[in-house]
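Worksheet: the structure to be examined is printed underneath.
No value in this document is a laboratory result; all are computed from the given coordinates. Since we're looking at a predicted model, the values are computed, not measured. Here the Cβ positions follow ideal geometry from the backbone for every residue, glycine too, while neighbour counts run over all protein chains shown.
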C-alpha cells in the first residue's frame, strides 16, 4: 500500500502543478488580450470625421489622411479652449497647426472649442458642431485605448448619429490591425 499511496500523491502533485501552470498561462493570455478588447477599429465612410481631444496633432494628421482617402467630407476637431499655455489655448495652437500643416485641407476643418476634460463633456462640446451641419454619419478618430469608451458614450448621448471609430495608435506595443483597409473606402 505504501508504494501505491506514494505514487498517488506524486501524481496528484504533478496534476496540481500542471493545473496551476495552465491557469497562470490562461490568466496571462487574458491579460495580454484585454488591451485589444478596448480597441475598436471599424472605420466607415461618413459625412464627417470627428477628432476627439488629447494629442490632437497626431489625430488631426490621421483625420486628414482619412479625408484625402474619401472617408469623410469634413473634419471636426474637439479642442479645449479654457486653459491657456504660453498665451494660447489648445484650440489656438491647433488652428495654427492646421493652417501650417494642412493648408489645402484647412477650409474643410472646423474646430469645436469647449471645456471637455472627459468623454462625456467632449460629447457636449461637439454636439453644437454636429447640430449646425447636416451630418448623420460620423467617423471618430481617437486614441487606441479610448475607442470603445468613446463609441459607447457617443451612442448613448447622441444616438441620432451613426458612429464608427478608428484608433490613432498611441502604444507601439498594441498593434491591433483590425480587418479594415486604409487604402480607401
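Structure data summary
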{"quantity": "Exposure proxy ranking, count of Cβ atoms within 10 Å, fewest first, for 146, 162, 131", "calculated": "131, 162, 146"}
{"quantity": "Cα-based shape type of region 40-105, given that a ≥ b ≥ c are square roots of the gyration tensor eigenvalues and the cut on a/c is 1.5", "calculated": "prolate"}
{"quantity": "By average C-beta atoms within 10 angstrom, highest first, the peptides 119-128, 44-53", "calculated": "44-53, 119-128"}
